[in-house]
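Visitor: Have a look at this one.
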Amino acid sequence: MPDPSGDWYRSRVADSELQSRLESAAVVLIEGARACGKTATARRAAASEVFLDADPDARALAEADPYLVLRGAAPRLVDEWQAVPELWNPIRRSADLDRRKGRFLLTGSAEPPDDTTRHTGAGRVSRLRMRPMSLFELGASSGEVSLAGLLDGRRAGGAARTGGVEAAAGLICRGGWPGTLDASPLAAQRFVRDYLNEVRRADLGRASGRRRNAGRALRLLRALARHTASPVPLTTLARDMDDGTTPPTVREYVDELERLFVVEDLPAFAPHLRSRSRLRAAPKRHLVDPSLAAAALGATPERLLADLATLGLLFESLVVRDLRICAQPLDAQISHYRDNTGLEADVIVETVAGDWMAVEVKLGGGRAVEAGAASLRKLRERVDATRNGEPVKLVVVTTGTHAYERPDGVTIVPIGTLGP
């Protein structure tokens, strides 16, 4: 089948991971927020395709006779499969009857409501998460500092493709959306505002099958944006909304935003400690792309440059996005560290083998970088190395221009050098 995405397609970190999963599973399900590029990536690997979200006739056929819509050369792409949730069991059954690998390639921008009649995909379905594009995928990072190399303990060096606080503010507001690659900054920001409006007005209702209040959803998105990269409880979010919404209702809305892959919180790291410090287990709040938080706050690059505290939190969210993307093909997980003494690490990257590295995120350099390095050294002393092992790297991610190793063992990595 000819390349349906044309010359404009920008390579994704997930491309090779998708091929690997098609070779190991009968069904690959690509999940992620709308407009993050799932369909374009899937079409490059598919031999035939059907679009349930955009083709009413195909959707009607799937509802009338699911097995007919599954006919086609493998891998058969079923785009936005959740538009007809009844397809799940026929897909699973087809995979049982014909156990060849790479039979079906599904995409989904929402997890459908729970259905007790829908059987598990265990042993048949491999789930691949996609997110908006990282700076490396956008071409805004040189990729000279590889996350895989950092986790292997290799020395880091290289020059950033983009650097500086002003550039970071612009990249945050633009976001990693494939649909805005060639758009002006103002057009890209308009795209993100429109995206949020669709989420709150239409997508929330589809995800839950229940009517949702668009105004309440907007107030929640603004509250989440104000507390980006913070371990804020539901009670605080409810109080921030200031409209009488109760914490249980906030939980319902947050759950639905998670099912739409719009909210992706960062869990807490739980190492064994040498000290008597007590770990905090609350997750940090993050939207899947920092541009969503900027749009919810009505922030432009100029406004962010006038509010460095907010810019710093959104920059941390950008770094979290890129680390998630780079960590996934390595089967590595990311989390954050926080204890009752106030000691924190913005991100912990941990491999399946148990190797780990700690990351602090800082705007600019100078005293901020020194503070980040000091915090990381203290964390290294606090974690029980006999049970968790020594960190393979202590890393400060910055808006700077050059990656280098410090004499104290801390590595400085500009976000404009980070790649998979």
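Visitor: Within the set of pairs 6 or more residues apart or between chains, which connect a residue that is over 16 Å from Gly409 (Cα atoms) inside segment 367-390 to a residue that is in a helix (DSSP H, G or I) and not basic (Lys, Arg) with Cβ atoms less than 9 Å apart?
Guide: Ala368/Gly312
Visitor: Identify, please: which residue in segment 194-240 is part of a loop (DSSP other than H, G, I, E, B) and among the charged types (D, E, K, R) and is, among those, least open to solvent (accessible area, probe 1.4 Å)?
Guide: Within segment 194-240, the match that is least open to solvent (accessible area, probe 1.4 Å) is Arg212.
Visitor: Name the helices (runs of 4 or more DSSP H) wholly within segment 245-312 that hold at least 2 residues that are free of Cβ contacts under 8 Å to residues at least 40 places away in the same chain and in contact with a helix residue (DSSP H, G or I) (Cβ under 6 Å, 6 or more places away or on another chain)?
Guide: Where helices (runs of 4 or more DSSP H) fall fully within segment 245-312 and carry at least 2 residues being free of Cβ contacts under 8 Å to residues at least 40 places away in the same chain and in contact with a helix residue (DSSP H, G or I) (Cβ under 6 Å, 6 or more places away or on another chain), they are 247-259.
Visitor: When you look at Ala42, is it under 21 Å from Pro420 (Cα atoms), among the small types (Gly, Ala, Ser), in contact with a strand residue (DSSP E or B) (Cβ under 7 Å, 6 or more places away or on another chain) and not in a strand (DSSP E or B), yes or no?
Guide: Yes, satisfied.
Visitor: Can you find, within segment 179-193, the residue that is nearest to Gly416 (Cα to Cα) among those that are open to solvent by 30 Å² or more (accessible area, probe 1.4 Å) and within 19 Å of the chain's Cα centre (by Cα)?
Guide: So, considering only residues that are open to solvent by 30 Å² or more (accessible area, probe 1.4 Å) and within 19 Å of the chain's Cα centre (by Cα), the one nearest to Gly416 (Cα to Cα) is Leu181.
Visitor: Any chance you could count how many residues in segment 105-129 are modelled with pLDDT of 75 or more, more than 26 Å from Arg210 (Cα to Cα) and either in a loop (DSSP other than H, G, I, E, B) or in contact with a Ser or Thr (Cβ under 8 Å, 6 or more places away or on another chain) (or both)?
Guide: 2
Visitor: Which of the residues that make up segment 218-254 are in contact with a strand residue (DSSP E or B) (Cβ under 9 Å, 6 or more places away or on another chain) and within 20 Å of Ser109 (Cα to Cα)?
Guide: Across segment 218-254, the qualifying residues are Leu221, Val254.
Visitor: Just the residues that are among the charged types (D, E, K, R) and either in contact (Cβ under 8 Å) with a residue 12 or more places away in the chain or open to solvent by less than 20 Å² (accessible area, probe 1.4 Å) (or both), please, taken from segment 130-161.
Guide: Correct list: Arg131, Glu137, Glu144, Asp152, Arg155, Arg161.
The values are calculated or read from the model by the stated rules, or taken from the named source; none is laboratory data. This one's a predicted model, so the numbers in the text were calculated from it and none came from an experiment. Neighbour counts run over all protein chains shown; Cβ positions are idealised from the backbone, glycine included. Just so you know, the surface numbers come from the protein's heavy atoms only, side chains and all, with ligands and any DNA or RNA stripped out. Shrake-Rupley method; radii C 1.70, N 1.55, O 1.52, S 1.80 Å.
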